[in-house]
Each structure stands twice: as C-alpha cells, then as structure tokens.
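Report on the structure given below.
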Amino acid sequence: LQVEELTVGGTSPIQMLFQRTNLPGVPSVAAWSPNNQTLAFDTGDGSVQIWNVAINLNVTNFQVKNARYTELLWSPDNPQLATLSSTGQMQIWDGSSGHNIASLASNQQATLATWIPSSQGNDGILFATPNGTIMRWWYAQQGQSAKPFLTAQVYNAAGIEGLTLSAIALSPNGEQLLLATSDGSIQARDATTGNLIYFYQGHSAQVNDIEWTLDGQHIATASQDTTVQIWQEP
C-alpha cells in the first residue's frame, strides 16, 4: 500500500509519502480520517491498520478473523471508524485505541452505510439492508436502537422491477440524504421525514459513488456510464 503526493498540472516528480509492504494479504479498501493525516486500510486477512501518515506512526490495529471489508467509514465528528464486511456485519471501532465500541445485531445486515452527524443528536449511522430498507442505528443508546427509516416501496414508488440501491450519502449538515439507484437516478430526500426533495437524472447508468463538498453546496457522482458529474445541492 502506497501514499503518493501528486501535483495537479505540475511537472514535479511524484513523491512517496508512505508505504507498507509485505502485508499478509491484498488491501482492498482504505479511508482518510477528516484530519487528512490518518489513514485506515485493511490488509487482506481481516486486519485493519490505522496510521498517521504525516509522521509514519502506527496508531493502532484491530482484526476480525476472516473478514473481507467492503467499506471503511470515518465519523465526521470523532475518531471512530465503521467497518462493513462482505457478510453484512457492521462494527464501530475507536480509531485511537482499536477497541470495539459497538456491533450491529446479528439479525441485521448492512450493504451500504453513511454516518449521521452529531448535530442530529446521538452517535448514529444510516445503513441499507439487503432488501433495500434504510435503517437508522443509534448505537450509543442503551439497546442500540435500529429502526426503519425508508423502505424500498417509498423510493421505488414507480415499481421498477429489480431496482436496487447502489450508494447513499448524507449531507454534511445531516439535512439531506442522497440515494443512488441501479437505474442511474439519484433522489435527494429530507433526512428527517424521508420526503422527496429532488430527482437527478444526469446519468445513463448506475451511480456507484456520491461525495458532498465540505460546505454541502455541491455533489459529485461517479457512474458506470464513465462520467463523473458535479452538480449543485438542491
């Protein structure tokens, strides 16, 4: 695994900032923390390593035996890391100590996830289940409440056969939730009520990733139609 510094439009040579070799497996996912110095990445054997790349310091490691991670997600508000595995298991970890904070109940599975900003109250995550239901998980509450927020019947009101979710993303202020579906469309919905705000249809194929700008004013979407589109927050 390598971190390189690139100069956009410049002629300076690429500078190697960080490198880890001889890992036990093949890394598949990595994520920068909000401070842009701490990097979490899997090592292919169920382990996750967390490094401060700026000073080449190993902060902590943790492992879930035989796990294959599909997403690593840093909280925007504190040094907590959510891990999502190919089996649907989701866990919350302390990114400073590597201690496990919470685990999604064994009768729940997640396919996609996005953090709920702390401005919305308790520590929480929105996640999608295999049947397409979007759940709210307040993991810091006693009993770790996970309750339905939006069902497939609501966001697939047209009854499109085989429609699935491909990406979800909450705005930085926690007020809007974007849902990308397999038909290439994106829905902006009120993150409190679930009501539809805007319907974006700029792509001709499935959207695989959504990113909000830090100020919440613009949205970037990457699609299998080979385009990345930047559009204004509705």
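The values are calculated or read from the model by the stated rules, or taken from the named source; none is laboratory data. Treat the numbers as computed from the prediction; the structure is a model and nothing was measured. Neighbour counts run over all protein chains shown; Cβ positions are idealised from the backbone, glycine included. For the accessible areas, the whole protein counts, side chains as well, though only heavy atoms, and no ligand, DNA or RNA atoms are used. Shrake-Rupley method; radii C 1.70, N 1.55, O 1.52, S 1.80 Å.
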(request) Consider only pairs whose beta carbons are under 6 Å apart and that are at least six residues apart or on different chains; among these, list those whose first residue lies in the stretch 206-233 and is over 13 Å from L178 (Cα atoms) and whose second residue is among the polar types (S, T, N, Q) and assigned to a strand (DSSP E or B). (result) Q206/S166; A222/N208; Q229/T221
(request) Give just the number: which of (1) within 24 Å of G174 (Cα to Cα); (2) open to solvent by 50 Å² or more (accessible area, probe 1.4 Å); (3) hydroxyl-bearing (S, T, Y) does T83 not satisfy? (result) (2)
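Quick grid of which residues meet (1) more than 28 Å from S103 (Cβ to Cβ); (2) open to solvent by 30 Å² or more (accessible area, probe 1.4 Å):
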| residue | (1), (2) |
| --- | --- |
| P148 | no, yes |
| I160 | yes, yes |
| T164 | no, yes |
| G174 | no, no |
| G184 | yes, no |
| Y198 | yes, yes |
| L214 | yes, yes |
| T226 | yes, yes |
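On the basis of being more than 16 Å from the chain's Cα centre (by Cα) and either surrounded by fewer than 18 Cβ atoms within 10 Å (Cβ to Cβ) or within 19 Å of E71 (Cα to Cα) (or both), does P234 make the cut?
Numbers: more than 16 Å from the chain's Cα centre (by Cα): yes; either surrounded by fewer than 18 Cβ atoms within 10 Å (Cβ to Cβ) or within 19 Å of E71 (Cα to Cα) (or both): yes.
Yes.
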(request) Determine which single condition Q153 fails, assuming it passes every other condition in (1) touching a residue at least 12 places away in the same chain (Cβ under 8 Å); (2) under 19 Å from T111 (Cα atoms). (result) (1)
(message) Show me the strands (runs of 3 or more DSSP E) entirely contained within the stretch 10-123 in which 1 or more residues are closer than 26 Å to L178 by Cβ.
(response) 30-32, 38-42, 69-74, 80-85, 90-94, 100-103, 112-116
(request) Answer with yes or no whether A191 is open to solvent by less than 50 Å² (accessible area, probe 1.4 Å), in contact with a strand residue (DSSP E or B) (Cβ under 6 Å, 6 or more places away or on another chain) and in contact (Cβ under 8 Å) with a residue 60 or more places away in the chain. (result) yes
(request) Name, by its number, the condition in (1) open to solvent by 10 Å² or more (accessible area, probe 1.4 Å); (2) out of contact with any Leu (no Cβ under 7 Å at 6 or more places or on another chain) that does not hold for L112. (result) (2)
(request) State all residues of the stretch 32-58 that are more than 16 Å from S86 (Cβ to Cβ) and surrounded by fewer than 19 Cβ atoms within 10 Å (Cβ to Cβ); if no residue qualifies, say none. (result) W32, P34, N35, N36, Q37, N52, V53, A54, I55, N56, L57, N58
